[in-house]
Amino acid sequence: MIRFILSKLLYLVPTFIGITIIAFGFVRILPGDPVLLMAGERGISPERHAELSAQLGFDRPIWEQYFDFLGRLFQGDLGNSLVTKKPVLDEFLTLFPATVELGLVAILLATLIGVPVGVLAAIKRGSWFDQVSMTAALVGFSMPIFWWGLLLIIFFSGVLGWTPVSGRISLLYFFPDVTGFMLIDSLLSGQKGAFASALSHLILPSVVLATIPLAVIARQTRSAMLEVMGEDYVRSARAKGMSQARVVGVHALRNAMIPVITTIGLQIGVLMAGAILTESIFSWPGIGKWMIDSIARRDYPVVQSGLLLIAGLVMVVNLLVDLTYGLINPRIRHK
Amino acid sequence: MALLEIRNLTVRFETSAGAFTAVDAVDVSVDGREVLAIVGESGSGKSVSMLAVMGLLPDTATVTADAMIYDGRDLLAMPVAERQKLIGREITMIFQEPIASLNPSFTVGFQIEEVLRFNMGMDRKAARRRAIELFDAVGIPDPQTKLDAYPHQMSGGQCQRVMIAMAIASNPRLLIADEPTTALDVTIQKQILDLLMDLQERHGMALILITHDMGVVAETADRVIVQYKGRKMEEADVLNLFENPQHAYTRALLSALPENATGDRLSTVADFMAAEAIQ
């Protein structure tokens, strides 16, 4: 098992270096000059521009800037934001829990609904439930997130007035950050109604963010279950006299979950992309919105380091998924 | 009275090309402690008729029979729950592909202990002890360690031994073995057959052996049913069948054995069928 983990870790090294190049290069390919954007509408004299560029190191050759970035990265220095002057890592850590909270609730929602729906659709193949759920999944999968988010806001917040439009909690409540997770902090604060407010703010964004993963997970679970239900070992379990619930829930599902877990892991990456849109729609103060704002300001250090942190996160999650895969599939573990 | 008696069993499958009759008006009966072989080529419906007894056919299959009496009770007439109590306990089955028949995600120990716990009501510890005994009984070396192995860590022969151990775990009265040796090496085939015959004798259970191997039939069976294209062609005691085959198809099967070859070319079933013009 340890060798399995080490070999997986080794794979991460070239991937990580690749990401540093992309993260560094990507933001510099974008047209726009961060120094000019910092100066704003007042403009800036060519001398001052040159002076600032030199100060920020933008006048040096690009490869030199890259190795400088890499060097500082290995010392744990992700740089400071050009706009706020604060360390990128501090900003990231402040905003990160909001995104994690949203992402976790979304992936939980997607898994807890997607897997049972997929299983049921498979064992009731061809039934109305199968047809309706799979059509809904196809619609969900094809839905543009921003449009879907706006529709939900118009209906649930605008017409029905059930949920708030944006933010993480009502402005009426104020309490210190303990965990950074609003649901937990609001509970800890003991303030009446705080938790309900946090929850009501979370519902729409997490539904929007969960939509595509939910559709993908439901469809993947269904097809994996259909494949597994035809296997000899499922017939053996039946021949042993095991109940339908045990045949499906233990013998078939355990095997069907192998590809589904990979799918869920891959959805984490999709989720990060979705979070950028969702957070923008709902003004959710997480790293998605932070990245969008920083790209608009050409805040090079924030964009390149933020991208790196997000990519690193996705890599860690994928590693965990690989390890889970090994746990759930003994044939991989014993290779 | 026979332990299992099936009269006029018909199994039809709904396919996109229309209905297909896999088993056509077949009668099967087997006494307790008897070894019945059902022989026939692929597609003769021999497995399907036994899967029908076990209730393991897919939804696309329609099973009809005048009677399917097990130990005085009609399997088709009894409630599903009651039938399920018989399947896996009194009537068990092993299959052709032992490795594929075991769940790859669970240890073989889990899979046999499951039978003991759910069908025999044992607790974990008792199930473990009994599983070790069963593994020992089917000739798996070092049973204690092997219980923690996954199917992919065992050979085909060992997996079939595990399947057999699971099948006899609940002391069944009828064991159906569907081509139990087809996927195995010749040397292992012999060991598995010997094991099955030994267990059949010791446990005093009835054994229905589905096979296409006439050699296996000669060695093991008391009585033989020959099936072709879903129909029963002939039923006879094993000695009678080999010495005095009544039906052209049986003669065809026997003459297709390599040891009965005369001349340069091995005769095939088709040769006989053409010559005697039977369908």
Problem set entry | Net dipole in debye of region B:74-221 [+1 Lys, Arg Cβ; -1 Asp, Glu Cβ; about Cα centre; nearest 20] | 600
For this session: Over the whole of A:226-239, what's the average partner chain Cβ count within 10 Å per residue? Rounded to a whole number, please.
Result: 6
Exercise. Among A:332, A:309, A:40, whose Cα lies farthest out toward the positive end of the dipole of chain A, if unit charges sit on the beta carbon of Lys, Arg (+1) and Asp, Glu (-1)?
Worked result: A:332
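Sorted from fewest to most neighbouring beta carbons within 10 Å, what does the list A:86, A:192 look like? Let's see the in-between values first.
Numbers: A:86 12, A:192 8.
Going from least to most buried by this count: A:192, A:86.
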For this session: Only residues of region B:1-43 count here: report those whose backbone N is under 19 Å from the spot 7 Å along Cα→Cβ of residue B:222, or say none.
Result: B:1-7, B:27-39
Seminar exercise, completed: Rounded to one decimal in nm, the spacing of the 7 Å Cα→Cβ label points at residue A:132 and residue B:269 is 4.8
For this session: For a label point 7 Å from the Cα of residue A:48 along Cα→C-beta, name the residues of region A:263-301 whose backbone N is under 16 Å from it.
Result: none
Exercise. For region B:8-78 and region A:298-335, what is the separation of their C-alpha centers, rounded to whole Å?
Worked result: 52
Exercise. So which residue, out of A:36, A:266, A:56, gets the largest mean-square fluctuation from a GNM of chain A using Cα contacts under 10 Å as springs?
Worked result: A:56
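What size of dipole, in debye to the nearest 20, comes out for region B:1-42 about its Cα centre when the only charges are +1 on Lys and Arg C-beta atoms and -1 on Asp and Glu C-beta atoms? Please report the intermediate quantities before stating the final value.
Values: 3 positive and 7 negative charges, 16 e Å.
Using only the charged Cβ atoms, the result is roughly 80 debye.
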Problem set entry | Partner lysines for residue B:190 [C-alpha distance under 23 Å; skip if fewer than 8 residues away on the same chain] | B:46, B:146
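Express the C-alpha Rg of the protein assembly as shown as a ratio against the empirical globular expectation 2.2 N^0.38 Å, rounded to two decimals. Numbers along the way, then the final one.
Working: Rg = 33.8 Å, N = 614, 2.2 N^0.38 = 25.2 Å.
Rounded to two decimals, the normalised Rg is 1.34.
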For this session: Specify which residue in the list A:84, A:167, A:144 is farthest towards the positive end of the charge dipole of region A:64-191, using unit charges on the beta carbon of Lys, Arg (+1) and Asp, Glu (-1), about the Cα centre.
Result: A:144
Exercise. How high is the FRET efficiency between residue A:30 and residue A:246 when r is their beta carbon distance and R₀ equals 60 Å, given to the nearest 0.05?
Worked result: 0.60
For this session: Return the whole-Å distance between the Cα centroid of region A:1-54 and the Cα centroid of region A:192-270.
Result: 38
Exercise. Taking a threshold of 25 Å on the Cα-Cα distance, which of the pairs A:240/B:125; A:85/A:289; A:8/A:85 fall above it?
Worked result: A:8/A:85
Exercise. Among A:238, A:42, A:168, which one shows the biggest mean-square fluctuation in a GNM of chain A, springs joining Cα atoms closer than 10 Å?
Worked result: A:42
Exercise. What aspartates and glutamates could a cross-link reach from residue B:85, if we take a straight Cα to Cα line under 14 Å and drop same-chain neighbours fewer than 8 places away?
Worked result: B:71, B:74
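Would you mind getting the Kirkwood hydrodynamic radius of region B:2-80 from its Cα pairs, rounded to one decimal in Å? Can you show the working numbers first?
Details: mean 1/r = 0.0761 Å⁻¹.
Evaluated on region B:2-80, it is 13.1 Å.
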Problem set entry | All-pairs Cα distance distribution in region A:1-135, expressed in whole percent, bin size 5 Å | 2, 7, 9, 12, 12, 12, 10, 8, 8, 7, 5, 4, 2, 1, 0
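Taking the Cβ of residue B:9 as the centre, find all other residues whose Cβ is under 12 Å away and add up their charges (Lys, Arg: +1; Asp, Glu: -1). Present the calculation step by step, with values, prior to reporting the outcome.
On the way: positive: B:7, B:12, B:46, B:231, B:232; negative: B:5, B:24, B:27, B:66.
Here the count lands on +1.
Computed FRET efficiency, Cβ-Cβ of residue A:2 and residue A:254, R0 30 Å: what is it to the nearest 0.05?
Efficiency for this residue pair is about 0.80.
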Exercise. How large is the helix-only mean residue ellipticity at 222 nm for chain B, computed as the sum of -39500 (n - 2.57) over DSSP H runs with n ≥ 4, divided by its residue count, in deg cm²/dmol to the nearest 500?
Worked result: -11500 deg cm²/dmol
For this session: Kindly identify region A:228-335 as rounded, prolate or oblate by the Cα gyration tensor criterion: order the square roots of the eigenvalues as a ≥ b ≥ c, call it rounded if a/c is under 1.5, otherwise compare a/b with b/c, prolate if a/b is larger, else oblate.
Result: prolate
Exercise. Counting only the backbone N, which residues of region B:1-23 are under 20 Å from the spot 7 Å out from the Cα of residue B:71 toward its beta-carbon?
Worked result: B:1-7
For this session: Treat the count of other C-beta atoms within 10 Å as a stand-in for reagent exposure and order B:122, A:291 from fewest to most.
Result: B:122, A:291
Seminar exercise, completed: Computed over chain B, the distribution of all Cα-Cα distances in 10 Å bins, rounded to whole %, is 6, 27, 34, 23, 8, 1, 0
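May I ask for the equivalent-ellipsoid semi-axes of chain A, computed as the square root of five times each C-alpha gyration tensor eigenvalue and listed largest first in whole Å? The partial results should precede the final answer.
Values: eigenvalues 355, 148, 63 Å².
Working through the eigenvalues yields semi-axes of 42, 27, 18 Å.
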Problem set entry | Once the Cα gyration tensor of region B:91-187 is diagonalised, semi-axes √(5λ) in Å | 20, 16, 11
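Given charges of +1 on the Cβ of Lys and Arg and -1 on the Cβ of Asp and Glu, with all other atoms neutral, how large is the dipole of chain A about its Cα centre, in debye to the nearest 20?
Details: 26 positive and 21 negative charges, 306 e Å.
Charge dipole, chain A, about its Cα centre: 1460 debye, nearest 20.
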Exercise. For the Cα atoms of chain A, what angle does the longest principal axis make with the long axis of helix A:88-123, in degrees from 0 to 90, nearest 10?
Worked result: 20
Exercise. Ranked by Cβ crowding within 10 angstrom, fewest neighbours first, how are B:106, A:174 ordered?
Worked result: A:174, B:106
Seminar exercise, completed: Out of B:265, B:173, B:73, a Gaussian network model of chain B with alpha-carbon springs under 10 Å gives the largest mean-square fluctuation to B:265
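Each reported figure results from applying straightforward, stated rules to the coordinates on display, with no laboratory input. Since this is a predicted model, take the numbers as computed values, not measurements. Every residue, glycine among them, receives a Cβ derived from its backbone with ideal geometry; neighbour counts consider all protein chains shown.
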